[in-house]
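Here's the structure we're looking at; comments come further down.
Readers should treat all values here as calculations from the given coordinates under stated rules, not as data from a laboratory. Just so we're clear, the structure is a prediction, and the values are computed from it rather than from any experiment. Glycine also receives a Cβ, built like all others from the backbone with ideal geometry; neighbour counts cover every protein chain displayed.
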Amino acid sequence: MKKYDVVTSISYPKKGAMGKTGSWRVFRPIFDKDKCVKCLRCWIFCPEGAIIRNKDDTITVDYEYCKGCGICAKECKVKALVMEREEKK
Amino acid sequence: MALKDLPIEECVLAGSAACPGCPATLAMRTVFKALGKNTIMIVPACCTAVIESLHPHTSIGVPVMNIAFEAAAAGASGVEAALRQLGKGDTTVLAWAGDGGTYDIGIQALSGAIERQTNFIYICYNNQIYSNTGIQRSGATPYAAWTTTTVGGKTEFRKDMGEIIKAHHLPYAAQTCVSYPEELYRIVKKAKGIKGPKYIEILAPCPPGWRFPMELTVEMGRLAVETGAWALYEYEDGKTTFNGKSKLILEKKIQRKPIEDWMKLQGRFRHVFKPSFNKKTIQEIEQHIDEMWDYYRTCSQ
Amino acid sequence: MTIMIDTGNYIAAKAAIMAKPQVVAAYPITPQTTVVEGIANYVKSGEYKGEYICVESEHSAMSACIGASSTGVRTFTATSSHGLLLMHEMLHWAALARLPIVMCNINRVVGPGWNIWADENDSISQRDTGWIQFYCSSNQEIYDTVIMSFKLSESLGISLPSMISYNAFILSHTSMPAEIPDQKEIDAFLPPYKPQWHLDTKNPVTFGNIIVPDAYYKVRRAMQDAQEKVKILLPKISKEWKQHFGRFHGDFLEYYHCEDADYILLSMGAIGAESKVAIDTLRQQGHKIGLARVRVFRPFPSEEILELSKKAHLIVIDRNISIGNEGALFNEVKGCLYGKSDTPVTGFIAGLGGKDVTYKDIDKICTKTMQGKVKNYEWYGLEEA
């Protein structure tokens, strides 16, 4: 990544540009691998890209960035993803 | 085209400033899977300009030129011309704007860029409001919708932007929705392979703007199509073909669902249902939708 | 080298295409139209090989130039008056984006009512945008300045857009001879454009997203530093031009009989050219008066004007007015002298609305001042209007 010398409003790509947006969550998706049919609906419908597609087409939730919107759980037809309230720390 | 065939690479980086449940980033992820990294994106003032996050960082993995609200298509014309001069005509020029920057303030530049046969893809992600500035009405806002500037409900029906675009007789146009990612991928991929101006409009249900729970973004898009409030179609070589449920509605093979099924789930239409059911408003909307579909039937023959 | 006898606009068009921009995006407006028509002719003849975008408004013209320049190519456009005002938002944008776009602006009166003649309110009202601003007084100067400004704008550490203004009809539509160098000589003077940032799929960046106050403050300071650098680089570029082509129009000011002057006239544009004739007449009458024609308004030539104030009473003619205050040149001249010089400065408004200002008027203005008949500031010729 080449950085330019000229001082103007140029920004460089960064994952987590707004920080660890997982901290925004009130609910988190819990994944049950046994129920997963590898349809990838949750992967394509996640607005954040926080559903990581594994090599075997199952998924892993990226809790660092998942904002807990619940679309994945809503769109999963086999309830392999369900939303649970975040535990208070 | 199955979901598993879609590329894994992400051009939208997680941890952006988007609201949870945002249809813009949802659509953008699929769009970039179809376009790839050899793309330059032009973004006017809109939610995406904020979703990019704060300088000195950005959440977008392709070159992005932000530009003034009304100027997306004009900026894109300049980028496209420069790329041609540099021998980089294979780089996709993508203008990505909201309905405000497309239907209203940006319509002049868009019309001009299409008329000049600018070789670019213009995508309007339509959340039917000026969302970024806090939910004010736009030319895309439907009849009776609450917004901060139509507090009692909008008193005019929305523009049919697709018809305006088709009147330019451009090579390709499409109307689609965030809820159908395979279709969106196919449409964007198709547009990428066509020379000249291409217009794609994606209905983008906005949880804070339409006032619905954030997990219903995709469901809200489906219901818009199933009730006939939004049509899925493609326009190519002067012919319009409808897709999915819209095709069945057009051909009268299925009845479209009552518009209430879509409206009652959204807080922006709450005043139509509470404190009492406003039958007159619903009838006006149903009639308007019927007329829209009758019109579509005449042009799709 | 060839001699071209043509209008300011056609000579500007010639200079523009000889600089080999790769994108020109413009919208017609009287009296700029023949600049873009001139370029269209060069498209047909094949002399101009770049892109020529006939946009649908001036706002889109500047927006398209911004798109093209951001992608890393040399760009040019032209406009006037209402067109300049319509693109005002994007003038700010281009300068903040540090894009070295070059634009000719034909100084035309701002309406309503519709008035196509010369005054400088259009470009003067844009002096806060961050553009480098030139004011030309001859068609030769227009040619030379267009080419030089590409070099200046594109210089490392500057990367700011340049606006070259000249008066409606008096220059834009009046034929004068100009020496046009060969293309090879221009190519030797003006190397290919190297952008200081650009949109590059191999190095993706986002330009222009949300920026916090502290960072923006630094962007503004960097722009000011760039304008300060113009003060160092412009004289070098003018000197180089003189070495190559034998012509010099002044750096920031063009001095005419200033060496022993007790009075020095500061004026711009067409009035600047007419002023030389008035100075000649007054010198013949024995008056020790000179002209420092203001050629560059941004960056403002404070140091040069301070130098003049050490020996002379300054007379300023503005072909513009900031309603509610004074003419811009008068105001900024006094501003740069504050606390450093107590030389008297007398200001005149003349030529607004395209009202003709001849050497006879300028003679009267100077004579009145020298006779002590003017109380500091006057709208010349208002009684007769």
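Structure notes:
- Within the straight-line cut-off of under 20 Å between alpha carbons, the lysines reachable from A:Lys88 are A:Lys20, A:Lys67, sequence neighbours fewer than 8 places apart in one chain being disregarded.
- FRET E, pair A:Asp57, B:Ile194, Förster distance 30 Å, beta-carbon r, rounded to 0.05: 0.45
- Pairwise centroid distance, computed over Cα atoms, of region B:101-166 with region B:202-223, Å: 17 Å
- A straight line joining the Cα centroids of region B:1-60 and region A:33-76 runs 17 Å.
- The ratio of the alpha-carbon radius of gyration of the protein assembly as shown to the globular-protein estimate 2.2 N^0.38 Å is 1.10.
- Within-12-Å neighbourhood charge of B:Thr91 [Cβ basis; K, R +1; D, E -1]: +2
- From its DSSP helices (H runs of at least four residues, each -39,500 (n - 2.57)), chain B gives a residue-normalised ellipticity at 222 nm of -10500 deg cm²/dmol.
- Cα centroid separation - region C:286-352 against region B:238-259, whole Å: 72 Å
- The gain in end-to-end length when the B:Glu260 to B:Asn278 segment is fully stretched comes to 5.4 nm, 0.36 nm per residue minus the alpha carbon separation.
- Mean shadow area of region B:179-246, taken as a quarter of the surface of its Cα convex hull (nm²): 5.3 nm²
- Under Karplus coefficients 6.51, -1.76 and 1.60, residue-wise ³J(HN,Hα) of region C:22-34 in Hz, glycine/proline x: 9, 9, 10, 10, 8, 10, x, 7, 5, x, 8, 2, 6
- Per-residue Cβ neighbour counts within 10 Å put B:Phe273, C:Phe348 in the sequence B:Phe273, C:Phe348, beginning with the fewest.
- Cα point-scatterer Debye curve for region C:159-277, base-10 log of I(q)/I(0) at q = 0.10, 0.11, 0.12 Å⁻¹: -0.56, -0.66, -0.77
- All aspartates and glutamates inside 18 Å of C:Lys202 as judged from Cα atoms, apart from same-chain residues fewer than 8 positions distant: A:Asp5, B:Glu9, B:Glu10, B:Glu80, B:Asp90
- Label-to-label distance, C:Val212 versus B:Cys299, with points set 7 angstrom from Cα along the beta-carbon direction: 4.8 nm.
- Most mobile listed residue (B:Ala68, B:Ala173, B:Ala144) in chain B, GNM with C-alpha springs under 10 Å: B:Ala68
- Helix-only [θ]222 nm of chain C, DSSP H runs n ≥ 4, -39500 (n - 2.57) each, per residue, nearest 500: -13000 deg cm²/dmol
- Share, in percent, of DSSP beta bridges within chain C that are antiparallel, nearest 5: 25 percent
- Quarter of the Cα convex hull surface for region C:253-379, i.e. its orientation-mean projected area (nm²): 7.2 nm²
- Extension gain from C:Val110 to C:Glu303, taking 0.36 nm per residue of separation minus the Cα-Cα distance: 66.3 nm
- Filter on C:Lys218/C:Lys334; C:Lys242/C:Lys276; A:Lys74/B:Lys37; A:Lys15/A:Lys55 - keep pairs with C-alpha separation over 25 Å: C:Lys218/C:Lys334; A:Lys74/B:Lys37
- Close amide H partners of C:Val55, meaning residues 5 or more places away or on another chain with modelled amide H under 5 Å apart, are C:Ala26.
- Flagged links, alpha-carbon separation over 31 Å, of A:Lys38/B:Lys245; C:Lys355/C:Lys375; B:Lys166/B:Lys279; A:Lys14/C:Lys20: B:Lys166/B:Lys279; A:Lys14/C:Lys20
- Nearest-ten-degree value, helix C:269-284 long axis tilted from longest Cα axis of chain C: 30 degrees
- Its Cα gyration tensor gives region B:8-299 an equivalent ellipsoid. The semi-axes, each the square root of 5 times an eigenvalue, are 30, 22, 17 Å from largest down.
- Under 20 Å from the C:Glu89 label point (7 Å along Cα→beta-carbon), backbone N, region C:197-217: C:207-211
- Based on the Kirkwood approach, the hydrodynamic radius assigned to region B:222-301 is 13.5 Å, with every pair of different Cα atoms included.
- Cα-Cα over 24 Å, subset of B:Lys88/C:Lys194; C:Lys14/C:Lys194; A:Lys35/B:Lys253; C:Lys151/C:Lys229; C:Lys229/C:Lys311: A:Lys35/B:Lys253; C:Lys229/C:Lys311
- Table column - 3J(HN,Hα) (Hz), region C:36-48, Karplus curve with 6.51, -1.76, 1.60, x for Gly and Pro: 5, 5, x, 5, 4, 4, 5, 5, 4, 6, x, 5, 9
- Residue among C:Pro21, C:Pro192, C:Pro161 with the largest mean-square fluctuation in a Gaussian network model of chain C, springs linking Cα atoms under 10 Å: C:Pro192
- Share of Cα-Cα pairs in chain A lying beyond 21 Å, as whole percent: 39 percent
- Annotation: the antiparallel percentage among DSSP beta bridges lying fully within the protein assembly as shown is about 35.
- Bridging of A:Lys79 to aspartates and glutamates at a Cα separation below 17 Å is possible for A:Asp32, A:Asp34, A:Asp57, B:Glu215, B:Glu219, once same-chain residues fewer than 8 apart are set aside.
- C:Glu37/C:Met176 FRET efficiency (R0 25 Å; Cβ-Cβ; nearest 0.05): 0.85
- Each residue, C:Asp356 and A:Val82, gets one label point 7 Å from its Cα in the Cβ direction; the gap between the two is 9.2 nm.
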